[in-house]
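The values are calculated or read from the model by the stated rules, or taken from the named source; none is laboratory data. None of these values were measured; they are calculated from a predicted model. Counting neighbours? That spans all protein chains shown, and the Cβs are built from the backbone with ideal geometry, glycine included. With ligands, DNA and RNA removed, areas are computed over all heavy atoms of the protein, side chains included. Shrake-Rupley method; radii C 1.70, N 1.55, O 1.52, S 1.80 Å.
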Amino acid sequence: MDKNLKNDLLIRAAMSQPTERPPVWMMRQAGRFMKEYWEIKNKYSFLEMCKTPEIAADVTMLPIDLLGVDAAILFSDILVTAEAMGGDLSFEQGVGPRFSNPIRNAKDAEYLNVDCLDKLQYVADAIRVIQQRLDGNVPLIGFAGAPFTILSYLVEGGSSKDFKLTKTFMNNQPELAHSILQKIADVTVEYLNMQIAAGVNALQLFDSWALALSWNDYHEFSHQYNKYIISKLNRKDVPIISFAKGSSVFAPVMAEAQPDVVSLDWNADLLNIKKALPSNMAVQGNLDPFVLYADKPVIKKKILELFERMRGEKGFIFNLGHGIMPDMPFDNVKYAIEVIKEFRY
Ligand code: CP3
């Protein structure tokens with residue numbers, strides 16, 4: 001554990017050591033629900049923000065300075081690995097991510113380049129600037145997308161409701177799908193090890209859309225690659241958080257990949273899940289983010305319900321089951337964090 005951290009609650013909880021209260025951070029904690037984010041976003045495109053280390057650091061620091069969360073998360077996107085591999089990525093306002101060169105067959109996939117770590121150096125640079133700014137106050141979480149979730153964006157050419165193209169691609173061209181997944185996995189190993197070398201204190205692997213897969217397909221097209229990635233990280237004292245949305249049914253399988261923390265959404269009872277996992281494996285989650293639209297007494301009640309359920313458990317990190325929405329009231333997010341920080345076990 002990094003002895004230089006002034007607040008190491010997140011690292012201790014991730015390592016299943018005792019904490020005086022659950023640490024808190026929230027997915028998409030630096031984003032459009034903050035007017036301070038828009039002040040920056042109005043001047044630059046999202047990718048410019050990610051690729052300019054000083055700006056990425058400014059945005060990463062917003063929730064530390066304005067919300068007082070217990071961890072910073074690198075300001076970037078899971079799709080930057082696919083872009084470095086040759087995907088022509090853009091983010092359009094109101095549309096989300098788009099690849100103008102989607103992959104539907106072997107010829108389309110020819111552009112994919114695994115030798116691309118140099119194109120991601122800006123992330124290592126951003127991590128170094130952020131760590132200077134953080135000055136050991138709270139840990140910095142780095143991250144990457146899991147291969148299946150990245151593949152889905154490359155095949156669909158953007159976001160999807162039903163993953164029809166991705167599933168048809170995997171069903172009809174499984175060998176091609178596997179060769180692409182392996183390439184993404186290899187890039188992701190190098191990319192996350194670069195983040196560790198640059199100084200992140202924890203890592204999260206986002207398999208946001210694993211929920212689309214059947215039990216067998218999850219094993220074949222997602223789990224084995226996540227396991228491969230986690231096994232190849234120079235993790236030393238850097239805990240690994242494995243996140244999937246809508247996937248509590250996969251939690252025991254996620255645990256087989258041996259992350260330090262399994263992060264789940266709000267479908268599951270977190271204590272029951274924790275009891276089903278190996279005893280030294282922590283959990284992260286799992287408040288329904290939509291609670292943050294409710295009145296403050298309701299927000300408090302729902303957070304305390306979760307905390308009472310988890311009372312006495314080592315290895316619990318508070319998070320939402322998924323990210324903060326752009327139209328969530330800032331004041332409610334801030335209030336939720338105050339409630340969490342006042343709680344004591
Ligand atoms: O959590 C954080 O604050 C750190 C930064 C971060 C972003 N995206 C910033 C972002 C992280 C960790 C991500 C991960 C990410 N990106 C995931 C996995 C998490 C999840 O949500 O399941 C996924 C699937 C993506 C892909 C992606 N990026 C989508 C689908 C979108 C559009 C979302 C939308 O609601 O429009 C993005 C854009 C994006 N990533 C924004 C931010 C702050 C919005 C960019 C803008 O300002 O227009």
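Descriptive notes on the structure:
- Filter result for the condition that a residue is polar (S, T, N, Q) and open to solvent by 30 Å² or more (accessible area, probe 1.4 Å), over Q29, Q17: Q17
- Some residue of the range 147-169 being on the phi < 0 side of the Ramachandran plot, out of contact with any Phe, Trp or Tyr (no Cβ under 9 Å at 6 or more places or on another chain) and buried (at least 24 other Cβ atoms within 10 Å of the Cβ): yes
- The range 91-113: number of residues that are hydrophobic (A, V, I, L, M, F, W, C), outside any strand (DSSP E or B) and more than 10 Å from the ligand (Cβ to nearest atom): 4
- Selection from the range 38-89 of residues that are more than 20 Å from L320 (Cα to Cα), in contact with a Phe, Trp or Tyr (Cβ under 8 Å, 6 or more places away or on another chain) and of a type in the set (S, T, N, Q): S45, T52, T81
- Per-region count, the range 218-269, residues open to solvent by 60 Å² or more (accessible area, probe 1.4 Å) and hydroxyl-bearing (S, T, Y): 2
- Qualifying positions in the range 35-62 - of a type outside the set (G, A, S), open to solvent by less than 40 Å² (accessible area, probe 1.4 Å) and in contact with a helix residue (DSSP H, G or I) (Cβ under 9 Å, 6 or more places away or on another chain): Y37, I40, K41, L47, M49, C50, P53, I55, V59, T60, M61, L62
- Residue within the range 128-137 that is under 29 Å from P239 (Cα atoms), away from the ligand (no atom under 12 Å from the Cβ) and of a type in the set (A, V, I, L, M) present: yes
- Failed item, numbered, when D288 is tested on (1) of a type in the set (D, E, K, R); (2) in contact with a Gly (Cβ under 8 Å, 6 or more places away or on another chain); (3) crowded, with 21+ Cβ neighbours inside 10 Å: (3)
- For F206, the conditions (1) in a helix (DSSP H, G or I); (2) within 22 Å of K161 (Cα to Cα); (3) open to solvent by 10 Å² or more (accessible area, probe 1.4 Å) are fulfilled apart from (1).
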